Amino acid sequence: MTRVFVYGTLKRGGENHSWIEGQRFVSMAKTRPVYRMFDLGGYPGMVRDVQGMSIEGELWEVDAAGLAKLDVLEDVAGGEYERVAMELEGGEMAEGYLYLREVSGCRDCGPCW
């Protein structure tokens, strides 16, 4: 099982939550303050930023088949997102998806989608 931090439409109640159903919810979580989240038109994208903030989300335990599904949803092969290790508040590590494309002109969402 891999711990995965989700921050947008995959969260409970989100429009893409069905992609993570069947996995195990662990807890609410926040990243260290090194990211910013932008509205990409119906879904968010998180990027590294030296003037970042703590992004609020959820921590899930996801099996290998679930990770493969999430990589498809996040278009990892197409270069839209990359699954990377990220540090959460308190020093805990999890994997999460960073947006790889340009965000200039996109609205900053603040800490929560």
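Scanning the stretch 43-96 for residues that are over 11 Å from residue 2 (Cβ atoms), surrounded by fewer than 14 Cβ atoms within 10 Å (Cβ to Cβ) and touching an Asp or Glu at 6+ places or on another chain (Cβ under 8 Å) gives 77, 84. Here residue 92 clears all of (1) touching a strand residue (DSSP E or B) at 6+ places or on another chain (Cβ under 7 Å); (2) touching a residue at least 12 places away in the same chain (Cβ under 8 Å) except the condition numbered (1).
Counting just the residues of the stretch 17-45 that are assigned to a loop (DSSP other than H, G, I, E, B) and in contact with a strand residue (DSSP E or B) (Cβ under 9 Å, 6 or more places away or on another chain), which one comes out nearest to residue 60 (Cα to Cα)? Please lay out each step first, then the result.
Taking the stretch 17-45 as the starting set, the residues that turn out to be assigned to a loop (DSSP other than H, G, I, E, B) are 20-23, 32-34, 40-43.
Restricting the remaining residues to those that are in contact with a strand residue (DSSP E or B) (Cβ under 9 Å, 6 or more places away or on another chain) gives 20, 23, 32-34, 40.
Values: 20: 9, 23: 7, 32: 17, 33: 20, 34: 21, 40: 23 Å.
For the stretch 17-45, the residue satisfying everything is 23.
Within the stretch 54-95, the set of residues being over 13 Å from the mean Cα position of the chain (by Cα) and in a helix (DSSP H, G or I) comprises 64, 65, 66, 68, 69, 72, 89, 90, 91.
Scanning the stretch 96-113 for residues that are aromatic (Phe, Trp, Tyr) and not in a loop (DSSP other than H, G, I, E, B) gives 97, 99.
Do we have any residue at all in the stretch 22-32 that's without any contact (Cβ under 8 Å) to a residue 24 or more places away in the chain, out of contact with any His (no Cβ under 7 Å at 6 or more places or on another chain) and not aromatic (Phe, Trp, Tyr)? Talk me through it step by step, then tell me what you get.
Restricting attention to the stretch 22-32, the residues satisfying the condition of being without any contact (Cβ under 8 Å) to a residue 24 or more places away in the chain are none.
Looking through the stretch 22-32, none of the residues is without any contact (Cβ under 8 Å) to a residue 24 or more places away in the chain, out of contact with any His (no Cβ under 7 Å at 6 or more places or on another chain) and not aromatic (Phe, Trp, Tyr).
Within the stretch 1-13, how many residues turn out to be in contact (Cβ under 8 Å) with a residue 60 or more places away in the chain and over 12 Å from the mean Cα position of the chain (by Cα)? Outline the logic, then answer.
Within the stretch 1-13, the subset in contact (Cβ under 8 Å) with a residue 60 or more places away in the chain is 1-11.
Keeping just the survivors that are over 12 Å from the mean Cα position of the chain (by Cα) gives 1-2.
Counting residues in the stretch 1-13 that are in contact (Cβ under 8 Å) with a residue 60 or more places away in the chain and over 12 Å from the mean Cα position of the chain (by Cα) gives 2.
Values in this text are rule-based calculations from the coordinates and carry no lab data. Here the structure is a predicted model, which means the values were calculated and not measured. Cβ atoms come from the backbone with ideal geometry, glycine included; neighbour counts cover every protein chain shown.
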